[in-house]
Amino acid sequence: YKAVYCAHKLLAAARVSEHVRSRLFLIGQGASWVADPTEPTIVDRYPARCHEPVFGAQYYGILARSKTTLNIHPDSAENSAGNMRLYEATGVGACLLTDWKDNLSDLFEPDVEVVTYRTVEECAEKARFLLDHEEKRQSIAHAGQQRTLRDHTSAQRVAQLNEILRARL
């Protein structure tokens, strides 16, 4: 829920122009979450750009049509990648821009299958690059989708869980 708020703060801190920020499409319940309850919510700030939460096919359709999908892991993830958006966005063929985590290279090849950033400035720089380089963005999106469909399906996770449980029993 805090990802949408963080994305707004991240882009504002990186001095992404209001013109660019005004073209962003925000989805989800997180649009009403704020770290500081004295600050206006994103819905209050940008009511015309916020969309009610969407689920299922509608959510995946929006992801698939996005040029770039920004992913920010919650603080609870610490240094580990693995939230659902990694697989949802790449699975439908979106180009994913995600925060760098220690284990991310075990899941995807950084800057080939997904794009990573470590700082606000790097995130803004890479977002601009992806928006300006259609062919590269599409290449990364396609590679990420192929990786997800090859290595990160539910059937593969169930088999992996089965192996872990059998080893422990």
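The values are calculated or read from the model by the stated rules, or taken from the named source; none is laboratory data. Fair warning: this is a prediction, and the values are worked out from it, not measured in the lab. Counting neighbours? That spans all protein chains shown, and the Cβs are built from the backbone with ideal geometry, glycine included. These area figures cover heavy atoms from the full protein model, side chains too; ligands, DNA and RNA do not enter into them. Shrake-Rupley method; radii C 1.70, N 1.55, O 1.52, S 1.80 Å.
The residue of the range 140-169 that is farthest from TYR87 (Cα to Cα), among those that are surrounded by fewer than 14 Cβ atoms within 10 Å (Cβ to Cβ) and of a type in the set (Gly, Ala, Ser), is ALA167.
State whether one or more residues within the range 72-87 are open to solvent by less than 80 Å² (accessible area, probe 1.4 Å), under 28 Å from GLY56 (Cβ atoms) and of a type in the set (Phe, Trp, Tyr). Checked the range 72-87: at least one residue is open to solvent by less than 80 Å² (accessible area, probe 1.4 Å), under 28 Å from GLY56 (Cβ atoms) and of a type in the set (Phe, Trp, Tyr). Note on the range 88-104: among residues that are hydrophobic (A, V, I, L, M, F, W, C) and open to solvent by 20 Å² or more (accessible area, probe 1.4 Å), the one that is nearest to ARG137 (Cα to Cα) is VAL92.
The test for being touching a residue at least 60 places away in the same chain (Cβ under 8 Å) and open to solvent by less than 80 Å² (accessible area, probe 1.4 Å) does not hold for VAL112. For VAL16, indicate whether it is surrounded by fewer than 20 Cβ atoms within 10 Å (Cβ to Cβ), modelled with pLDDT of 90 or more and under 29 Å from GLU135 (Cα atoms). Taking the combined requirement at face value, the residue does not satisfy it. Contact map, the range 147-169: first residue in contact (Cβ under 8 Å) with a residue 12 or more places away in the chain, second residue open to solvent by 80 Å² or more (accessible area, probe 1.4 Å) and not hydroxyl-bearing (Ser, Thr, Tyr), Cβ cut-off under 8 Å, separation 6 or more or different chains; pairs are ARG147/GLU109.
Please specify each residue of the range 41-71 satisfying the condition of being open to solvent by 30 Å² or more (accessible area, probe 1.4 Å) and among the hydroxyl-bearing types (Ser, Thr, Tyr). Correct list: TYR46, TYR59, TYR60, SER66, THR68.
Applying a threshold of 8 Å to beta carbon distances and a minimum spacing of six or more residues, or different chains, the list of pairs starting in the range 51-67 at a residue that is touching a residue at least 40 places away in the same chain (Cβ under 8 Å) and ending at one that is open to solvent by 90 Å² or more (accessible area, probe 1.4 Å) reads SER66/PHE25.
Can you tell me how many residues within the range 85-123 are hydroxyl-bearing (Ser, Thr, Tyr) and in a loop (DSSP other than H, G, I, E, B)?
At the first step, the residues of the range 85-123 found to be hydroxyl-bearing (Ser, Thr, Tyr) are 87, 90, 98, 105, 116-117, 119.
When the remaining residues are screened for being in a loop (DSSP other than H, G, I, E, B), the result is 119.
The total comes to 1.
Can you name the number of the only condition in (1) in a loop (DSSP other than H, G, I, E, B); (2) more than 28 Å from GLN58 (Cβ to Cβ) that GLU135 fails? The failed condition is (1).
Of all residues in the range 77-90, those that are closer than 21 Å to LYS67 by Cβ have Cβ atoms under 7 Å from Cβ atoms of residues that are open to solvent by 40 Å² or more (accessible area, probe 1.4 Å) and among the polar types (S, T, N, Q), 6 or more apart or on another chain, in THR90/GLN145.
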